[in-house]
Amino acid sequence: MKKSLWAGSALLLSLFACQAAFAEGGAVADQYKWLTFVVFGAIIGLTMYVTYRAAKQTSSAADFYAAGRSVTGVQNGWAIAGDYLSAASFLGIAGLISLYGYDGFMYSVGWLVAYITVLLVIAEPCRNIGKYTLGDILAFRNNPKASKTVAAISTVTVSTFYLTAQMVGGGVLVKTLIGIDYEISVIAVGILMLTYVVFGGMKATTWVQIIKAILLVTASILLVLFTWGQYGFSFPGFLDAVVGNADVQKQVAKLLGDAATNMTPEQLGQRFLEPGLFLKNPIDQISLGMALVLGTAGLPHILMRFFTVPTAQDARKSVIWAMGIIGGFYVLTLFLGMGAAINVTPATIVGLDKGGNMAAPLLAQFVGGGPDSLLGNFFLAFVAAVAFATIVAVVAGLVLAAASAMSHDLYVGVVRGDHATAQEQITAARVATVIVGALAIYVGIAAKGQNVAHLVALAFAVAASSNLPAVFLTLYWKKTNTYGVVAGMLVGAFSAIYLVMVSPNMTYPLAKIADAKKVLEGTPATPAKEAAAAQWGFSCELFASADCKKEVKASPEKPAVPGAKEKLAKAQTDLAALADEAAKAAKQKEIAGLEKAIKAAEDDLKKFEGQTTSMMGLEKPWFQLKNPGLISIPLGFLVTILVSLFTRDRRSDEMWDELYVRQNTGINAEGAQAH
């Protein structure tokens, strides 16, 4: 199997090279695509060499699952940072900041604060329990078969959600950059990830994470130095440039709509540094924050990292290092996002990718000299390759967590009753890895063209609602038992998933059709009374004060907004009358954007023709929050507590004293390696 996978990896790289040579389209000009492939190949080659070295040192179950507990605190800190800083962190947050300003940075704050929870309540106790997986933590004092089964289900569920978003992100990244087929890109991510995990297990995955984290931080620092240096490394000067930038002001005006009518350019720019452009519902912000802060402590691929260090002190040290690295990186995202907004412009970023995920790579191209320069395309290739390595490394960690749950928890723990030989455990782990890897590739290809951004938040919500209550209460509450853990994990996971399925995250055909018609046809003039009432968000006649009713009567009529077709016709007429070449180029760019918007709207009308409900049979969202954490997290804790109070489990009671001593002292933790 090893020879076949190495051969498959080499064949895939060759296919990747051929595709890069002949692919058309993408952000990289055709004459520089060879450079992109060289940089991609160099980084992939480095990680493959590390995997080759790690494969020689992987001979036992402890090596495969926990790197033989040989990872130092500093190394594990970098590896945790590599596991945690996914494509959503690097590409997604920079993109959100470039389009929405302050609100995008709130994701950085949420994910950073999350590690305080990990440091204070999870890291050291998990390491002291001394096993390999989430299921091992729960099985220490609860019924082993029941707790490992439900932990495996939760682990695979969380990993699948996270995996899908990463696989789609990898495919879109490479296709957007150099025009390589989406399917080829997804297969490339899958086979590289399989190579890391099947051959090297946790050792290879750890070192790939370390390399990727170092490259990611280095690339980000270089970008910030080039971007911020233009303003003498003055933070007020940099923010002044953001506020005064005409493209930023246009983006804010576009987001605010009618509310921007009476605002000055300076006020529009200042609004970019204030909340409310993206996260408009305060309750939704709280729900999202709960999922981000608490979900990290329940992510299975993060929990596994604490089993790789030799001592509890190293577990604490690894979290402190991870917090420093992750925190420093998230501060850099502020400069990356806003630097992209003022240099690349939001319109250009959205033109290449609607979600803004190409902001950081395009900023790299800009600081290097632009799309027509060798250095600019080298920087673009380097940042894109690092982003690609980020995706592959995170996928490897997720697949290892899911495969470990299937092999160690289900096969070894439940089916074999913990009586499998070391070789059987290694074989089971590698077979499970191939199964999960193949599933990841299939799901990634099947999700082509789908909006999967909410899956990352859903993964955090499930982890916070299912895994965290079970782990936290098992470690810290004496009355917790098997029945409570199983019930709490199932209710927490299913409630989070169900609430997302009936939330605004899903696709609602009627809303899509209405939006498409609005793009094509515009909106008619609105009478003064209706316009004012709509702005207030309720009927002034029934609920509001006299001031509201007075404003309704005094409000001017809201004018009609022309549709894209009408705008296109006018732009084409204007183009024919222009003589200046620069003005012609700008008008042609406007026409191209309108044509793209018209095609997208017409495609939506055709796609959703005859459809009226979502996949859950709803015409509109039943649950109004985009993230279910506010409901599902307390529900997961509550069910675990109530069921534990009304049931009795002798094993859970008897093992409490031993668990309490073990988690606080680490005594006999090393003896668990043979488990």
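Readers should treat all values here as calculations from the given coordinates under stated rules, not as data from a laboratory. Everything numeric here is computed off the predicted structure, so don't read it as measured data. Using ideal geometry, Cβ is built from the backbone for each residue, glycine included, and neighbour counts are taken over all protein chains shown.
Note down the relative contact order for the chain as a percent, whole number, built from C-alpha pairs under 8 angstrom at least six residues apart. Computed over the chain, the figure is 25 percent. Straightening the chain between residue 615 and residue 595 buys 4.2 nm, computed as 0.36 nm per residue apart minus the Cα-Cα spacing. Packing-based ranking of 626-636, 240-250 yields 626-636, 240-250, ordered from highest to lowest mean Cβ neighbour count within 10 Å.
Summed over qualifying helices (DSSP H, 4 residues or more, each -39500 (n - 2.57)) and divided by its residue number, the chain shows a 222 nm mean residue ellipticity of -23000 deg cm²/dmol.
In the neighborhood of residue 341, defined by Cβ-to-Cβ distances under 11 Å, what is the net charge if each Lys or Arg adds +1 and each Asp or Glu adds -1?
Working: positive: 250; negative: 247.
Cβ neighbours under 11 Å give a net charge of 0.
Working ranking of peptides 297-305, 378-386 by packing, defined as the average number of other Cβ atoms within 10 Å per residue, highest first, is 297-305, 378-386.
Of the chymotrypsin sites (Phe, Trp or Tyr not before Pro) in segment 219-306, which ones lie in a loop per DSSP and count no more than 12 other C-beta atoms within 10 Å?
233
Farthest towards the positive end of the charge dipole of segment 76-160, among the residues 85, 150, 102, is the Cα of 150, using unit charges on the Cβ of Lys, Arg, Asp and Glu.
Selection among 253, 585, 433 by position relative to the dipole of the chain gives 433 as farthest towards the positive end (Cβ unit charges, Cα centre).
Within the set of other residues whose C-beta is less than 13 Å from the C-beta of residue 80, count the net charge using Lys and Arg as +1 and Asp and Glu as -1. Here the charged neighbours net out to +3.
In the chain, the longest principal axis of the Cα atoms and the axis of helix 73-84 are about 50 degrees apart. Toward the positive end of the charge dipole of segment 166-289, with +1 on the Cβ of Lys and Arg and -1 on the Cβ of Asp and Glu, the farthest Cα among 204, 243, 265 is that of 204. What is segment 557-633 by shape, rounded, prolate or oblate, if you read a ≥ b ≥ c off the alpha carbon gyration tensor as root eigenvalues and call it rounded for a/c under 1.5, prolate for a/b larger than b/c, and oblate otherwise? The shape class here is prolate. By definition, a body whose alpha carbon gyration tensor gives a ≥ b ≥ c is oblate when a/c is 1.5 or more and a/b is not larger than b/c, and segment 172-228 fits this oblate description. Relative to the longest principal axis of the Cα atoms of the chain, the long axis of helix 581-607 lies at roughly 60 degrees. For the listed residue pairs 280/354; 254/518; 250/626, the alpha carbons are over 25 angstrom apart in 250/626. By the beta-carbon count within 10 Å of each Cβ, the least crowded to most crowded order of 133, 205, 665, 345, fewest first, is 665, 345, 133, 205. Between the Cα long axis of helix 509-521 and the first principal axis of the chain there is an angle of about 30°, rounded to the nearest 10. Here segment 97-128 and segment 393-463 have alpha carbon centers that stand 24 Å from each other. Of [x] 26.4, 87; [y] 30.5, 101; [z] 29.3, 103, which is the value of Rg and Dmax of the Cα atoms in Å derived from the coordinates here? The calculated read-out lines up with [x]. Annotation for segment 144-173 versus segment 262-310: alpha-carbon center distance of 21 Å.
Under a model in which nothing but the beta-carbon of Lys, Arg (+1) and Asp, Glu (-1) is charged, the chain shows a dipole of about 1120 debye around its Cα centre. D by Stokes-Einstein for segment 137-222, Kirkwood Rh over Cα pairs, 10 °C, 1.306 mPa s: 102 µm²/s. Here's how it looks for residue 522: its modeled amide H is under 5 Å from those of 563, 564, which are all 5 or more places away or on a different chain.
Per residue, the average separation of C-alpha pairs within less than 8 Å and at least 6 apart gives segment 192-321 a relative contact order of 12 percent. 3J(HN,Hα) along segment 421-426, derived from phi through the Karplus expression 6.51 cos²θ - 1.76 cosθ + 1.60 where θ = phi - 60°, amounts to 6, 4, 5, 5, 5, 5 Hz, with x in place of Gly and Pro. Each other residue within a Cβ distance under 15 Å of residue 384 adds +1 if Lys or Arg and -1 if Asp or Glu, for a net charge of +2.
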